[in-house]
Amino acid sequence: FTSLRLRSLTGVGRDNQGMLAPRKKYWSSPTVVIEAAIELLQIKPSDVAYDIGCGDGQFLARCGEVMGLARSEGGGGAGSAAGGRVVGVEIEADKADQARQRLVKMGLNESVEVWTGNALDYTYSDATVIYVALIPRGLRRILPILQKIPHPVRVATYLFPFEGVKHVHMWKNEAQGKDDVAWPVYLYHLNTENEEQERIASEDCEMCSLL
């Protein structure tokens, strides 16, 4: 998958200037948030899903389960019959290792993997689904990269929305009953312009055939 990388990740982005979400303490996405994000994203076995800033891999593991990417009884498991994959990107090596250990413990196959590096050094050109849990600064920096993906992509952000981009749905944890602990998840459909233009062109052709 090296074609998806802009440059080598060795030693890149270890300072706060390079990190999308510099933090003294790591916070995992709550289970209820992960379930909501997967439902909003409508994950399918054929999807190529990325978790940007995957931490200890909770979203990756659940996503792999939903997509049916369990290792076979014989110990193999080259991938999903539908071609799906799940990839986590994590700049902190210790968290990336924790994520890998989680995936092994969950019995997921090689189609679920973790890359250690700065998320800004990837193109995500094969992504169909992306989960992002970053602070606003990180979202501002990653958005231009996601907007260059050459096809429509479904994106869910946790806690914070993209600035200047309209979301198609917003979920919050109503069970909490308090806005300050609502844990919002925002759903976006990015890069749909070409798809819409093709739809309009197709409709125009159908109209022309009726004349």
Projecting the Cα atoms of Leu134, Val86, Ala49 onto the charge dipole of segment 25-144, where Lys and Arg contribute +1 and Asp and Glu -1 at Cβ, the residue farthest towards the positive end is Leu134
Those trypsin sites (Lys or Arg not before Pro) in segment 87-160 that DSSP places in a loop and that have at most 12 other beta carbons within 10 Å | Lys148
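Coordinate-derived values only; no laboratory data. For clarity, every value in this text was computed on a predicted model and none was experimentally measured. Using ideal geometry, Cβ is built from the backbone for each residue, glycine included, and neighbour counts are taken over all protein chains shown.
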